[in-house]
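Chemist: Have a look at this one.
The values are calculated or read from the model by the stated rules, or taken from the named source; none is laboratory data. No experiment lies behind these values; they were computed from the predicted model shown. Glycine gets a Cβ as well: all are built from the backbone with ideal geometry, and neighbour counts include every protein chain shown.
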Amino acid sequence: MRIALVSDTHIATRARGFTANWHIAARLIEAERPDLIIHLGDVTVDGAGDPAEHGQALEAMQALSAPRLAVPGNHDLGDNPPHPGAHVASPVTPARLATWAAAFGPDHWVTELAGFRLIGLNAQLFGTGLDAEAAQFDWLAATLSAARGPVGLFLHKPLFRDRPCDDEAHVRYVPAGPRARLLEVLAGVDLRFVISGHAHQARRLVVGEVEHLWMPSTAFIIPDHIQERIGEKRVGWAVLTLEDGRHRLDFRHPASLPENDLLDHDDAYPAVRALRRTGPA
């Protein structure tokens, strides 16, 4: 079983460079004939603010013939507070959840493949206090109660930077309170890997018996002066192979995929003009 993992495609008609990158990546992915595509979120430039971008992204995704699953990112759905009481400029709402579901299907899901139970979660719900957050936790507990064998988890945001006890409150990671609850629900499960996007960096981190894998973006990298370098800053995607109860992940960084710099693409994000003059985040 071979699964192509893509993340942070940031597709929209107005985002010419990012969408061009997607079409290059899609042709290369299609040539590998994966059994499944999993998108780790930020499918769109700003589907949260402009739902028409969901349709634009779906049209671009038709370049892939394999079945697809996806979890939402902050640009698709809105963001969650990094800590209780934090202001969120573009929050997750029930209406946005419904818009995502109408375009891409459920925001959380489970599938059984090659002896693995693969679970996708909506990381954007964590810490929102919405009814949907509680419902997702209840669903996850029920799903894991029936789990037999290895489990893999997919969500947009990494759980943490280095360790579960990290206390940094940052929009890059799942908030500490919901993270602790999530890890409690996962305790006792044969969790093999956690795969995320969001950071636009490729990274492998093993904590205990679990491999934490960060997916690169197909669209662009974020320069060091506005984002900490933690993993490898290159555009690309990955292929996850599941076989005989084992997994292997191989990153793809083809030379034919332009290494777009976020700051050069104000057609997608006009606010980057100001970021050219700011410091690290």
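Chemist: Answer yes or no as to whether Asp190 is surrounded by fewer than 21 Cβ atoms within 10 Å (Cβ to Cβ), touching an Asp or Glu at 6+ places or on another chain (Cβ under 9 Å), over 21 Å from Pro82 (Cβ atoms) and without any contact (Cβ under 8 Å) to a residue 60 or more places away in the chain.
Modeler: The answer is yes for Asp190.
Chemist: Now, a different point. Checking Lys157 against (1) among the basic types (Lys, Arg); (2) within 20 Å of Pro81 (Cβ to Cβ); (3) surrounded by fewer than 22 Cβ atoms within 10 Å (Cβ to Cβ): exactly one of these is not met. Which one?
Modeler: (3)
Chemist: Select, from Gly149, Gly129, Gly177, the only residue that is more than 14 Å from the chain's Cα centre (by Cα), assigned to a loop (DSSP other than H, G, I, E, B), at pLDDT 95 or above and over 21 Å from Ser7 (Cβ atoms).
Modeler: Being more than 14 Å from the chain's Cα centre (by Cα), assigned to a loop (DSSP other than H, G, I, E, B), at pLDDT 95 or above and over 21 Å from Ser7 (Cβ atoms) holds for just one of Gly149, Gly129, Gly177, which is Gly129.
Chemist: Would you point out which residue out of Glu168, Glu184, Glu211, Glu243 is under 18 Å from the mean Cα position of the chain (by Cα), over 23 Å from Ala268 (Cα atoms) and not basic (Lys, Arg)?
Modeler: Selected residue: Glu211, the only one of Glu168, Glu184, Glu211, Glu243 that is under 18 Å from the mean Cα position of the chain (by Cα), over 23 Å from Ala268 (Cα atoms) and not basic (Lys, Arg).
Chemist: Identify, please: which residue in segment 26-43 is in contact with a strand residue (DSSP E or B) (Cβ under 6 Å, 6 or more places away or on another chain) and not in a loop (DSSP other than H, G, I, E, B) and is, among those, surrounded by the most Cβ atoms within 10 Å (Cβ to Cβ)?
Modeler: Looking at residues that are in contact with a strand residue (DSSP E or B) (Cβ under 6 Å, 6 or more places away or on another chain) and not in a loop (DSSP other than H, G, I, E, B), I get His39.
Chemist: For segment 44-63, check the following and say yes or no: at least one residue is touching a helix residue (DSSP H, G or I) at 6+ places or on another chain (Cβ under 6 Å) and farther than 30 Å from Val239 by Cβ.
Modeler: Yes.
Chemist: Out of Leu58, Leu140, I need the residue that is farther than 26 Å from Ala31 by Cα and either free of Cβ contacts under 8 Å to residues at least 24 places away in the same chain or surrounded by 14 or more Cβ atoms within 10 Å (Cβ to Cβ) (or both). Which one?
Modeler: Sole residue among the options that is farther than 26 Å from Ala31 by Cα and either free of Cβ contacts under 8 Å to residues at least 24 places away in the same chain or surrounded by 14 or more Cβ atoms within 10 Å (Cβ to Cβ) (or both): Leu140.
Chemist: If you don't mind, another one. Please work out which residue is farthest from the chain's Cα centre (by Cα), limiting yourself to segment 65-122 and to residues that are among the polar types (S, T, N, Q) and crowded, with 23+ Cβ neighbours inside 10 Å.
Modeler: Of everything passing the filter in segment 65-122, Asn80 is farthest from the chain's Cα centre (by Cα).
Chemist: Please work out which one of (1) in a strand (DSSP E or B); (2) crowded, with 16+ Cβ neighbours inside 10 Å is the condition Val235 fails and give its number.
Modeler: The one condition Val235 does not meet is (1).
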